[in-house]
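Enquirer: One structure, as structure tokens, below. Some questions next.
Readers should treat all values here as calculations from the given coordinates under stated rules, not as data from a laboratory. Every value quoted in this text rests on a predicted model; they were computed, and no experiment measured them. Positions of Cβ are generated from backbone atoms using ideal geometry, with glycine treated the same way; all protein chains shown enter the neighbour counts.
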Amino acid sequence: GEDVEQSLFLSVREGDSSVINCTYTDSSSTYLYWYKQEPGAGLQLLTYIFSNMDMKQDQRLTVLLNKKDKHLSLRIADTQTGDSAIYFCAESRGDYKLSFGAGTTVTVRA
Amino acid sequence: GEEVAQTPKHLVRGEGQKAKLYCAPIKGHSYVFWYQQVLKNEFKFLISFQNENVFDETGMPKERFSAKCLPNSPCSLEIQATKLEDSAVYFCASSQSDRGGGYTFGSGTRLTVV
């Protein structure tokens, strides 16, 4: 959606770190999410961050939130071929509905 | 169960026919959401329920789309007189609360209108 923007493609070498960026426009966003979608599959919630946090780490995943710039990023350490997928940034506000970005297609090359 | 179950996985309908999609939310989740994902990965919110009550239907094209969540039955999304532009993947999600914490999505129903 136009309220959430992401770059469309990212190519990364296996073993390197991937960084996927997202910007949003609504300062009243309360939660921000990262979802993963593999071909033909549903959306898998990877992680989420509350808007009063600036960082969250979960194993290979690190989420950074810059609320001033309305910028969210997802870093995947030691990227593997199984990480190839489309990654969606999403935000919810007081009305809880999710607004999604257009998705970033991550391709991991050997 | 711990997954949101959507059926069928694939549905093909001729233009003008009816389509009905089903969603069984995770047990204990009070909120159910329907989203439509069209070709360019764009997600569109359709409708949400709190138990069997409509919570927000601002995304529903009301002329042809309807949805229900009845007690002890899967939720359903019905499209009367399908059009070519209804071709999409329809995702259902459920949540314990109406905000925060993430929603669990089903694997979707791919509707193709020919």
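Enquirer: So what are the ³J(HN,Hα) numbers for the range B:74-81, from phi and the Karplus equation (6.51, -1.76, 1.60; θ = phi - 60°), rounded to whole Hz, Gly and Pro as x?
Expert: So the J values, rounded to whole Hz, are x, 5, 9, 10, 10, 10, 7, 6.
Enquirer: Okay, moving on. How big is the shadow of the Cα convex hull of chain A, averaged over all directions, in nm²? Write down the numbers at each step before the final one.
Expert: Values: hull surface 25.6 nm².
One quarter of the hull surface, i.e. the mean projection, equals 6.4 nm².
Enquirer: Tell me the net charge near B:E78. Cut-off is 13 Å between Cβ atoms, B:E78 excluded, with +1 for each Lys or Arg and -1 for each Asp or Glu. List each step's numbers first, then the result.
Expert: Values: positive: B:R13, B:K18, B:K20, B:K62, B:R64, B:K68; negative: B:E63, B:D86.
Local charge sum for B:E78: +4.
Enquirer: Can you pull the semi-axes for the range B:1-44, root of five times each eigenvalue of the Cα gyration tensor, sorted largest first, whole Å? Could you put the intermediate results ahead of the total?
Expert: On the way: eigenvalues 108, 44, 18 Å².
They are 23, 15, 9 Å, listed from largest to smallest.
Enquirer: Using only the alpha-carbon atoms of chain B, report the extent along each of the three principal axes, biggest first, to the nearest angstrom.
Expert: Principal extents (Cα only, largest first): 37, 24, 23 Å.
Enquirer: If you don't mind, there's one more thing I want to ask. Could you let me know the centre-to-centre spacing of the range B:38-64 and the range A:39-70, using Cα atoms, in angstrom?
Expert: Using only Cα atoms to place each centre, the spacing works out to 25 Å.
Enquirer: Now for a separate question. With the convex hull built on the Cα atoms of the protein assembly as shown, state its orientation-averaged projected area in nm².
Expert: Working: hull surface 48.9 nm².
Here the figure is 12.2 nm², rounded to one decimal.
Enquirer: Hey, in the GNM for chain A with a 10 angstrom Cα cutoff, which one of A:A85, A:A77, A:A41 fluctuates hardest?
Expert: Comparing A:A85, A:A77, A:A41 in a Gaussian network model of chain A, the most mobile one is A:A41.
Enquirer: Further question on the same structure: Looking at chain B as a GNM with Cα springs under 10 Å, which of B:E78, B:E63, B:E15 has the largest mean-square fluctuation?
Expert: Maximum among the listed residues: B:E63.
Enquirer: Taking a virtual spin label 7 Å from the Cα of A:D54 along the C-beta vector, which residues in the range A:19-35 bring their backbone nitrogen under 20 Å of it?
Expert: Of the residues in the range A:19-35, A:20-33 have backbone N under 20 Å from the label point off A:D54.
Enquirer: In addition: If you average 1/r over every pair of different alpha-carbon atoms in the range B:57-114 and take one over that average, what Kirkwood value in Å do you get?
Expert: Numbers: mean 1/r = 0.0755 Å⁻¹.
Mean inverse Cα-Cα distance, inverted, gives 13.2 Å.
Enquirer: On to the next question. Quick one: compute a quarter of the convex hull surface over the Cα atoms of the range A:46-110 and quote it in nm². Don't jump to the answer; show the numbers that get you there.
Expert: Working: hull surface 20.1 nm².
That works out to 5.0 nm², a quarter of the Cα hull's surface.
Enquirer: Dipole of chain A, Cα-centred, from +1 at each Lys and Arg C-beta and -1 at each Asp and Glu C-beta, to the nearest 20 debye? Walk me through the numbers on the way to the answer.
Expert: Working: 11 positive and 14 negative charges, 30 e Å.
Using Cβ point charges on Lys, Arg, Asp and Glu, chain A gives about 140 debye.
Enquirer: Once you charge only the Cβ atoms, +1 for Lys and Arg and -1 for Asp and Glu, what is the size of the charge dipole of chain B about its Cα centre, to the nearest 20 debye? Spell out each step's value before the answer.
Expert: Details: 13 positive and 12 negative charges, 53 e Å.
Approximately 260 debye in magnitude.
Enquirer: Here is a further query. Kindly put B:F49, A:F50 in sequence by how many other C-beta atoms sit within 10 Å of each C-beta, fewest to most. Before the final figure, lay out each step's value.
Expert: Values: B:F49 22, A:F50 12.
If I rank by nearby Cβ atoms, fewest first, I get A:F50, B:F49.
Enquirer: Sequence-distant or interchain residues sharing an amide H contact under 5 Å with B:Y31, placed H: which?
Expert: The answer is B:N51, B:S95.
Enquirer: Between A:H71 and A:T25, what length in nm is gained on full extension when 0.36 nm per residue of separation is reduced by their alpha carbon distance? Kindly include the intermediate steps, with their values, before the conclusion.
Expert: Values: separation 46, 0.36 × 46 = 16.56 nm, distance 0.91 nm.
The span from A:H71 to A:T25 would gain 15.6 nm if fully extended.
Enquirer: For a quick check, take a GNM of chain B with Cα springs below 10 Å and name the residue from B:S73, B:S48, B:S94 with the largest mean-square fluctuation.
Expert: B:S73
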